[in-house]
Amino acid sequence: MRYRIPILITFLIIAGLWIPSKLFSQPLNIIWITAEDLSPRLACYGDSMVPTPNIDRLASEGVRYTHAFATYGVCAPSRHSLIMGMYPTSTGAGAMRTHVRTSAINDITDPELLNIPVYEATPPPQAKCFTEYLRAAGYFCTNNSKTDYQFKPPITAWDESHDSAHYRHRPYTSMPFFSVFNFTVTHESRIHNPRSPAITDPAGIEVPPYYPDTETVRNDIAHHYDNIAVLDQQIGKILGDLEEDGLLSSTLIFFFTDHGDGLPRAKRWVYDSGIHVPLIVRYRGLVGARTVNQDLVSFVDFAPTILSICNIDIPAHMEGLAFLGNQRAEPRKYIYAFRDRMDPAFETIRAVRDHRYKYIRNYRPDLPYIGFIPYRDRMLMMQEILTLKEQGKLGPDQWQFASDSKPLEELYDTEADPHEIHNLASDPKYLEKLTELRNAHDSWTNKHGDLNRLSDHDLIKVLWPPTGTQPVTAAPQIEMKGGLLHLDCQTAGASNAYRLDGKGRWMLYSKPIAVDGKTIEAQSIRLGFKPSPITEASLK
């Protein structure tokens with residue numbers, strides 16, 4: 001009898017389902033290695049078109065997740081989910097890149113893009129970027145370097161956020177760190193350029209049936225594989241840095257991508273080609289090495305998971321579920337995915353997926369799937385697909401490109417039909433599953449709401465009532481009491497940052513502190529609002 005508990009614990013550790021709290025009794029270094037626009041086209045996921053020895057190494061020393069999903073098939077809303085632990089539909093972050101205008105072909109601004117309003121997603125007052133909680137707990141947080149959060153990146157989120165940001169810049173070597181290294185080589189835009197180096201033989205490509213099998217399509221997919229090979233070399237550099245610094249065995253590494261492939265009918269879509277991502281977690285001490293985890297994981301789960309691992313209480317406003325650490329929740333039954341306006345192409349699509357079946361609700365069945373997205377249309381294979389559509393030469397499996405409208409509902413068996421081209425929504429044999437997932441979608445909407453079903457103009461008035469004018473965060477209040485610096489702000493939910501004598505990085509204020517300086521600069525930040533003016537004061 002006395003051996004049962006240890007045996008169970010050993011099993012859970014090996015399976016990657018539980019991490020003993022004593023393993024993280026000391027602050028743990030954490031790194032996110034992220035790539036852009038990439039589905040699980042990797043050898044460790046069964047696709048060996050190009051060698052990826054460094055990613056394979058992570059998988060052999062960690063846990064490989066098979067059912068990890070972005071909330072959107074595009075970067076900005078998904079990055080919002082990652083930094084906030086919230087659904088973009090709860091904060092007005094669903095449309096692609098709300099806070100800046102996007103340039104179109106040849107960097108000439110399209111008239112339709114000029115008509116799109118610019119605004120910032122506005123989370124509830126209590127919501128912070130999750131890295132603020134890490135900084136308040138003593139972590140050095142760096143981001144190298146994308147900050148596509150649907151609001152302007154606040155100075156309270158990171159100690160460093162730029163192209164050369166690195167954990168090596170922390171003030172002392174014993175300071176725990178959380179560092180993001182983001183690689184863009186697999187981004188959609190890289191396929192717009194000539195192949196260099198050309199590694200992959202286009203003749204060996206397996207062309208998904210939703211594409212026409214042409215030389216152009218094969219060349220663009222081969223180009224994507226070439227970029228994956230370069231990505232693997234870049235990841236090897238990060239692993240080499242950790243080894244050189246003696247940190248590899250004591251650092252928790254996450255590898256994942258911001259959404260699926262940057263190819264047509266993948267990026268921006270709610271099919272698995274657009275939202276299914278690789279996720280590998282390499283534990284300190286090789287706990288859980290060479291294991292596979294089939295739990296459903298969503299991007300909204302990443303922020304609460306990091307807090308759980310770091311023994312920081314998960315705030316009540318977060319909508320995700322921790323899948324590791326002391327606050328680990330029960331595994332998900334469903335993940336939820338979304339598509340809203342992409343540049344000038346209006347859209348409202350919602351999806352629910354369990355381990356096998358995908359339900360899709362098209363709220364704009366009158367619109368075609370592809371819409372007008374000038375940036376996407378730079379890709380040669382997309383130009384060819386549009387030409388074939390115009391000529392009526394697309395095949396039956398390419399109906400999603402050819403259709404000028406959409407069915408109200410879609411249902412796919414992702415096991416029998418991994419490419420999601422055979423819609424089962426009208427098949428009586430699947431009525432029970434259709435009803436189950438339809439109800440799951442409705443229940444989710446009733447629980448969380450869905451701000452992005454509003455037009456941009458109506459949404460702005462909800463985010464910034466009553467007129468839709470962006471509020472300004474109140475100026476920070478600076479006071480010295482009992483030899484300690486106190487910062488406050490009258491704007492509900494605002495965070496405060498400061499620096500002394502006009503030097504160095506902005507520090508996050510979380511409690512009264514002793515300071516050593518003559519002057520202070522302070523700024524208050526409320527996500528979605530304009531930041532306060534910088535206030536200067538003497539500390540004499």
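Each reported figure results from applying straightforward, stated rules to the coordinates on display, with no laboratory input. All values reported here derive from a predicted model rather than from experimental measurement.
Worth pointing out:
- Helix axis angle, 431-448 relative to the chain longest principal axis, alpha carbon, degrees: 30 degrees
- Sequence-ordered 3J(HN,Hα) estimates for the range 169-176 from the Karplus curve with 6.51, -1.76 and 1.60 and θ = phi - 60° stand at 8, 5, x, 8, 5, 7, 6, x Hz, glycine and proline given as x.
- Amide H contacts for residue 161 (H built 1.01 Å from N in the peptide plane; partners 5 or more residues away or on another chain; cut-off under 5 Å): 143.
- Nearest 10 degrees, 0 to 90: helix 380-390 Cα axis against the chain principal axis: 40 degrees
- Here the Karplus relation 6.51 cos²θ - 1.76 cosθ + 1.60, evaluated at θ = phi - 60°, turns the backbone of the range 342-353 into coupling constants of 10, 6, x, 8, 6, 6, 8, 10, 10, 9, 10, 9 Hz, with x for every Gly and Pro.
- Residue-by-residue Karplus 3J(HN,Hα) for the range 462-472, coefficients 6.51, -1.76, 1.60, Hz, glycine and proline x: 6, 5, 10, x, x, 9, x, 8, 5, x, 10
- Amide H contacts of residue 182: 34, 144, 145, 146, each under 5 Å away and 5 or more positions distant or on a separate chain (H built 1.01 Å from N in the peptide plane; Pro and chain starts excluded).
- Computed [θ] at 222 nm, deg cm²/dmol, the chain (DSSP H ≥ 4; -39,500 (n - 2.57); rounded to nearest 500): -6500 deg cm²/dmol
- Which label in [x] 0.99; [y] 1.03; [z] 0.95 gives the computed Cα Rg over 2.2 N^0.38 Å: [x]
- Rounded to the nearest 10 degrees, the angle from helix 215-244 to the longest Cα principal axis of the chain is 30 degrees.
- Cα gyration tensor category, rounded, prolate or oblate, for the range 418-461 with a/c compared to 1.5: prolate
- Over the range 477-538, the fraction of Cα-Cα pairs per 5 Å bin, rounded to whole percents and listed from the shortest bin up, is 4, 19, 32, 27, 13, 5, 1.
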